[in-house]
1. Can you report the number of residues in the stretch 185-236 which are in a helix (DSSP H, G or I), among the acidic types (Asp, Glu) and under 16 Å from the mean Cα position of the chain (by Cα)?
2. Only one of 198, 172 is modelled with pLDDT of 95 or more, of a type outside the set (Gly, Ala, Ser), farther than 26 Å from residue 95 by Cα and in contact with a helix residue (DSSP H, G or I) (Cβ under 9 Å, 6 or more places away or on another chain); which?
3. Name the residues in the stretch 20-30 that are in contact with a Ser or Thr (Cβ under 6 Å, 6 or more places away or on another chain), free of Cβ contacts under 8 Å to residues at least 40 places away in the same chain and of a type outside the set (A, V, I, L, M), would you?
4. State the number of residues belonging to the stretch 90-106 that are under 13 Å from the mean Cα position of the chain (by Cα) and part of a helix (DSSP H, G or I).
5. Within the stretch 159-184, restricting attention to residues that are acidic (Asp, Glu) and over 16 Å from the mean Cα position of the chain (by Cα), which residue is farthest from residue 11 (Cα to Cα)?
6. Please specify each residue of the stretch 78-89 satisfying the condition of being in a loop (DSSP other than H, G, I, E, B) and closer than 21 Å to residue 37 by Cα.
7. Within the stretch 199-213, work out how many residues are in contact with a Gly (Cβ under 8 Å, 6 or more places away or on another chain) and either free of Cβ contacts under 8 Å to residues at least 60 places away in the same chain or closer than 15 Å to residue 98 by Cα (or both).
8. Do we have residue 86 as closer than 19 Å to residue 181 by Cα and surrounded by fewer than 23 Cβ atoms within 10 Å (Cβ to Cβ) here?
Amino acid sequence: MRPSGRKLDEMRPISIETGVTKHAEGSCLIKVGDTHVLCTATIEEKAPSFLKGSGLGWVTAEYGMLPRATNTRNRREAAAGKQSGRTQEIQRLIGRALRAGVDRVALGERQIVVDCDVIQADGGTRCAAITGGWVALRLAVNKLLKTGAVTSDPIVDHVAAVSCGIYAGQPILDLDYAEDSEAGTDGNFVLTGAKRLIEVQMSAEGATFSRDEMGQLLDLAEAGIAQLVEAQKAAI
């Protein structure tokens, strides 16, 4: 039995509200159970210096967690004077994931920055950030298409992410914090809408896992991604 009472293959409730900030070219508030992430996308009309003259665009991401997103207060990283290794790793993952769904030639020599700020955390924050970040990116690109700044849609497919793991010996979908903190195996799966793999992060937290178990987790992830993609479509 899962702590939440959910079935092994049951996602938490998913909600994506768009247009939640005034100034960003694309924005949404994604809620996956009690994990809430604000995602905004900003269009910058020049690419990073390392891409100057290449004709290629760039998508990057920044990630942060508010001090009381968790049950105890975390010190702001700005106050500490540097980002934690965890934050850097997560925002690089988000950037890689979103770029995998973009035709950078069609985007043109410009950059879109996706900011993901965790308002409330209950497990799966990086997955919610990727899923919501794609919606914010999609909305920003829609503005480029509407103004004629780009003539061909740079978005080639949906990108979404979900966690899966082995909890109490059972493969489960969409871990909340109570499950994540006790899972024997923990994994994050990033896929396209066409079920193409972008990235898989898996580790044995308390017990090793077999190839068959990894396949079971991937099957769960594909089912979860399908639900997330439907939520993305409904939002936009």
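1. 2
2. 172
3. The answer is 21, and nothing else.
4. Result for the stretch 90-106: 10.
5. 182
6. 83, 84
7. First, pick out the residues of the stretch 199-213 that are in contact with a Gly (Cβ under 8 Å, 6 or more places away or on another chain): 200-207, 209.
After this cut, where a residue has to be either free of Cβ contacts under 8 Å to residues at least 60 places away in the same chain or closer than 15 Å to residue 98 by Cα (or both) as well, the list is 200, 202-207, 209.
Qualifying residue count, the stretch 199-213: 8.
8. So residue 86 passes the test.
The values are calculated or read from the model by the stated rules, or taken from the named source; none is laboratory data. All values derive from a computational prediction rather than experimental measurement. Backbone-built Cβ (ideal geometry, glycine too); neighbour counts: all protein chains shown.
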